[in-house]
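A short write-up of the structure that comes next.
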């Protein structure tokens with residue numbers, strides 16, 4: 001309840017801030033209005049496609065739930081139910097782009113506010129329907145049999161590299177956390193991180209410049225941590241009825257992803273040292289920032305252990321708030337927000353610990 | 001002679017979900033050498049009571065002492081005193097049975113085969129499942145794995161929430177034999193919630209009947225012994241209690 005209210009307040013605050021920023025930049029935006037309008041439409045089309053695909057996938061999964069699978073429900077009827085669900089959800093979401101269109105045009109005092117709202121709503125719905133409806137036809141038996149839950153766990157290569165960390169008590173907690181969510185540390189993701197790091201390192205080398213290397217080390221390290229960390233065992237009665245503390249369980253789940261994160265940081269930050277042996281300060285600073293970012297994501301994952309999306313959203317919002325305040329009102333103000341967020345982090349950690357322990 | 005310290009002492013316990021109270025005013029005392037049966041209709045609050053005792057839900061009132069240790073004040077030390085057979089559906093599906101036992105053993109600081117009654121893998125016919133994912137095991141096999149985990153390191157108090165229900169007859173007979181042996185040794189106690197009257201009639205030394213979230217009837221060893229001497233005696237006792245409760249309602 002508290003979190004929902006907090007999130008809502010943060011959302012309203014950000015919307016108001018955005019409105020003010022748009023109002024301040026109104027003359028520039030009005031001068032570039034055709035381009036802004038086209039850009040807005042493109043963004044709304046992309047978001048609509050993304051939402052439509054996600055919605056169709058979600059609705060198909062619901063239509064293929066085990067309790068429905070055993071009922072004599074024809075494939076055509078199932079696909080129809082999926083389509084109806086997608087249309088209903090699209091209809092519920094449609095006012096959002098309309099509101100955004102109206103808000104932007106109102107903020108910059110552009111003419112045709114109703115037109116902006118309507119056109120964005122129509123664009124969104126078109127994109128949503130185009131992406132969602134073809135997906136509804138895939139509600140086939142084959143898909144039903146290929147539910148992700150039925151697949152045996154195959155830990156990814158990157159995860160196996162640090163699996164030995166899972167040998168310490170409580171054993172196998174990291175593997176459990178990875179497997180429970182049906183997720184695994186994707187080789188694809190890890191590979192893309194390596195490519196990003198390699199590019200930054202090459203840039204560092206060619207430009208004799210340390211920043212890209214450190215920045216990619218921080219971002220890559222944090223992404224590796226996010227990719228590896230899952231908090232689902234925190235809710236399990238197996239651990240909650242065992243003589244083990246919240247901190248120990250948390251450390252057990254985080255040690256693998258943290259090792260990966262630090263390994264990544266080490267590899268990507270290395271060029272900074274190679275380029276200039278004296279440039280240890282940026283790397284050290286980057287290391288501190290990486291630890292803070294990992295702590296921030298840890299909090300989000302601890303408070304929403306079953307939903308990775310919620311954790312990512314919470315983390316993204318927190319990060320955005322710090323960056324936004326820092327960019328618009330100066331580093332000191334951003335740091336102030338950062339300190340306030342650290343207070344929030346401490347509070348949320350306490351909540352997560354209480355939920356695990358129940359007593360005390 | 002001094003009475004031994006109770007392994008479980010519950011005083012004025014009230015617990016539930018959100019603001020709803022499911023169990024209220026529950027008092028229990030379980031001495032070593034006791035097998036307490038917890039009976040009650042569906043929704044009577046048996047599982048909620050066991051969840052409160054094992055620290056899974058917050059107490060709304062009352063106190064829980066496990067081996068003399070307050071669960072609220074020292075949860076980790078108190079939890080060292082009991083083994084809880086979690087529901088099969090709550091086991092970590094991604095792990096194999098062996099990994100699960102190693103996980104529990106690493107927390108308890110013992111070997112993964114440190115059972116107080118000798119080997120459990122053979123008697124429970126778990127050999128072929130040890131390297132298979134728990135997610136691929138049947139309900140009965142999951143319950144066997146859960147029971148094997150609860151018995152690791154031989155905690156003095158064993159708490160089983162309908163844990164014998166899904167077992168095959170041989171495994172059920174073997175596990176009841178093991179539990180009986182432990183209880184008769186005088187250092188352990190069992191709290192078993194179940195609907196299986198026969199198990200309660202033949203094994204339990206004390207029985208409480210839960211209705212509407214409160215203890216409605218209690219039968220002690222002497223009453224149970226007397227009931228056992230007549231055919232269907234215990235079943236008649238329970239049915240009489242159930243009917244009395246319904247007519248009073």
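Remarks
- Residue count for the stretch A:231-245 under the criterion of being farther than 30 Å from residue B:154 by Cβ and surrounded by fewer than 24 Cβ atoms within 10 Å (Cβ to Cβ): the result is 0.
- Single match in A:69, A:59, A:21 (criterion: closer than 17 Å to residue A:130 by Cβ and in contact (Cβ under 8 Å) with a residue 60 or more places away in the chain): A:59
- Here the strands (runs of 3 or more DSSP E) wholly within the stretch B:1-75 that include at least 1 residues being over 25 Å from residue B:234 (Cα atoms) and touching a strand residue (DSSP E or B) at 6+ places or on another chain (Cβ under 9 Å) are B:8-17, B:20-30, B:59-66.
- Extreme residue, nearest to the other protein chains (Cβ to nearest Cβ), among residues of the stretch B:69-82 that are in contact (Cβ under 8 Å) with a residue 60 or more places away in the chain and touching a helix residue (DSSP H, G or I) at 6+ places or on another chain (Cβ under 9 Å): B:80
- Candidates A:39, A:101, filtered to the one that is in contact with a helix residue (DSSP H, G or I) (Cβ under 6 Å, 6 or more places away or on another chain) and part of a helix (DSSP H, G or I): A:101
- Considering B:85, B:105, the condition of being crowded, with 23+ Cβ neighbours inside 10 Å, at pLDDT 90 or above and within 11 Å of chain A (Cβ to nearest Cβ) is satisfied by B:85 alone.
- Among the residues of the stretch A:42-91, not one is within 30 Å of residue A:112 (Cβ to Cβ) and either at pLDDT below 85 or not in a helix (DSSP H, G or I) (or both).
- The residue of the stretch B:148-178 that is farthest from residue B:202 (Cα to Cα), among those that are assigned to a helix (DSSP H, G or I) and within 12 Å of another protein chain (Cβ to nearest Cβ), is B:149.
- Matching option when the condition is in contact (Cβ under 8 Å) with a residue 60 or more places away in the chain, in contact with a helix residue (DSSP H, G or I) (Cβ under 7 Å, 6 or more places away or on another chain) and within 21 Å of residue A:245 (Cα to Cα), among B:86, B:64, B:26, B:104: B:86
- Residue in the stretch B:192-203 that is in a strand (DSSP E or B) and in the same structural domain as residue B:47 (by TED's automatic domain parsing) present: yes
- Among residues that are under 22 Å from the mean Cα position of the chain (by Cα), modelled with pLDDT under 85 and in a helix (DSSP H, G or I), residue A:7 is included.
- Taking the criterion of being at the interface with another protein chain (Cβ under 7 Å from one of its Cβ atoms), surrounded by 24 or more Cβ atoms within 10 Å (Cβ to Cβ) and in a helix (DSSP H, G or I), no residue of the stretch B:88-102 qualifies.
- Any hit, the stretch B:126-133, residues being in contact (Cβ under 8 Å) with a residue 40 or more places away in the chain and either under 20 Å from residue A:168 (Cα atoms) or more than 12 Å from chain A (Cβ to nearest Cβ) (or both): no
- Helices (runs of 4 or more DSSP H) contained entirely in the stretch A:163-246, each with at least 1 residues that are modelled with pLDDT of 85 or more and either touching a helix residue (DSSP H, G or I) at 6+ places or on another chain (Cβ under 8 Å) or within 14 Å of chain B (Cβ to nearest Cβ) (or both): A:173-180, A:211-228, A:237-240
The values are calculated or read from the model by the stated rules, or taken from the named source; none is laboratory data. Everything quoted here is computed from the prediction, not taken from an experiment. Quick reminder, even Gly has a Cβ in these numbers, built from the backbone with ideal geometry, and neighbours come from all protein chains shown.
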